[in-house]
Amino acid sequence: MEVNNDSSSSDDVLINNNLLHVLSRTAQLLLQINASSSNIQRRNTIHRDCLEAKRMLIRHYFADDSTYGHAQFRKRFRISKGLFMRLIGDLEMNYPYFQTTWNATNQRSFSVVQKCTSTIHQLSKSYNRDSLDEYLNMLEITSREALENFLYGVVQMYKAEYLCRPTSTDIELLYEAHEDRHGIHGMLGSIDCTHWNWRNCPTELIGQYMRGDHQYPSMILEAVTS
């Protein structure tokens, strides 16, 4: 059987030409994509030296010869330094979020001291999360994550002891502490300034007994306990 070599060669040439056309077109599209992507404005990355921010924070409040003493610490953190140290110790021990880690680029995470300092400033002084970037070098999203994890951890760790109804022993201890500090026996509740609706109040007296936050005229019950 005779084979037509000319026909086979022409078919090969046609296939090769089509393949070269596809490859050429693909290369052209790739070049266009690269050219367009190079024109995209890159986001400016801010270098935040979290390690230097930690050193400054330690030097200011937590070193043995810290710049600011216990009085300034309590004024600015709104809690005692001892309580703060207990909180960060318990959080670091029980929750991986507050433990030091390294990311894929070998950059160290923010320490538990920095995260809890950010949280305390947000809770005690209503600091805006973005404003903490200047001192702690911490992104707004990191400050928010620290706040959420702090609140979750504190509730989970201490709810059994501190977020429960007081026992009779607890009440007596509270009474004694109040009496030692203020000189009078304390109380856990008060009905002072309790409003009672006065539906049959005379018309001429409504102006004296009516308040904007009550639907009806009311009389105020004041009570004093002995």
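Odds and ends about this structure:
- The set of residues from segment 95-109 being open to solvent by less than 40 Å² (accessible area, probe 1.4 Å), part of a loop (DSSP other than H, G, I, E, B) and not polar (S, T, N, Q) is empty.
- Leading residue by the ranking (nearest to Met93 (Cα to Cα)) among those in segment 167-186 that are surrounded by 12 or more Cβ atoms within 10 Å (Cβ to Cβ) and not aliphatic (A, V, I, L, M): Asp170
- So Leu136, is it at pLDDT below 85 and closer than 18 Å to Glu92 by Cβ: yes
- All conditions in (1) surrounded by 10 or more Cβ atoms within 10 Å (Cβ to Cβ); (2) among the small types (Gly, Ala, Ser); (3) modelled with pLDDT under 90 hold for Ser66, with the sole exception of (3).
- Number of positions in segment 108-117 that are modelled with pLDDT under 90 and either farther than 19 Å from Tyr135 by Cα or within 18 Å of the chain's Cα centre (by Cα) (or both): 3
- Pair list, Cβ under 6 Å, 6 or more apart: segment 82-107 residue within 15 Å of Lys54 (Cβ to Cβ) and in contact (Cβ under 8 Å) with a residue 12 or more places away in the chain, other residue open to solvent by 60 Å² or more (accessible area, probe 1.4 Å) and part of a loop (DSSP other than H, G, I, E, B): Glu92/Gln99
- Subset of segment 110-124 (residues that are under 12 Å from Ile79 (Cα atoms) and open to solvent by 10 Å² or more (accessible area, probe 1.4 Å)): Ile120, His121, Leu123, Ser124
- Neighbours by Cβ (under 6 Å, 6+ apart or cross-chain): first from segment 143-167, closer than 9 Å to Thr119 by Cβ; second at pLDDT below 90 and basic (Lys, Arg): Ser143/Arg129
- Residue match in segment 89-101 (condition: within 19 Å of the chain's Cα centre (by Cα) and closer than 28 Å to Leu188 by Cβ): yes
- Checklist (1) open to solvent by less than 50 Å² (accessible area, probe 1.4 Å); (2) among the small types (Gly, Ala, Ser); (3) at pLDDT below 80 applied to Ser218, failing item: (3)
- Condition check for Ile88: at pLDDT 90 or above and either under 20 Å from Met138 (Cα atoms) or among the basic types (Lys, Arg) (or both): yes
The values are calculated or read from the model by the stated rules, or taken from the named source; none is laboratory data. Quick caveat, the model's predicted, so the values are computed rather than measured. Ideal geometry is used to build each Cβ from the backbone, glycine not excepted, and the neighbour counts take in all protein chains shown. The protein model used for the area step is the full one, side chains on, heavy atoms only, and it has no ligands, DNA or RNA in it. Shrake-Rupley method; radii C 1.70, N 1.55, O 1.52, S 1.80 Å.
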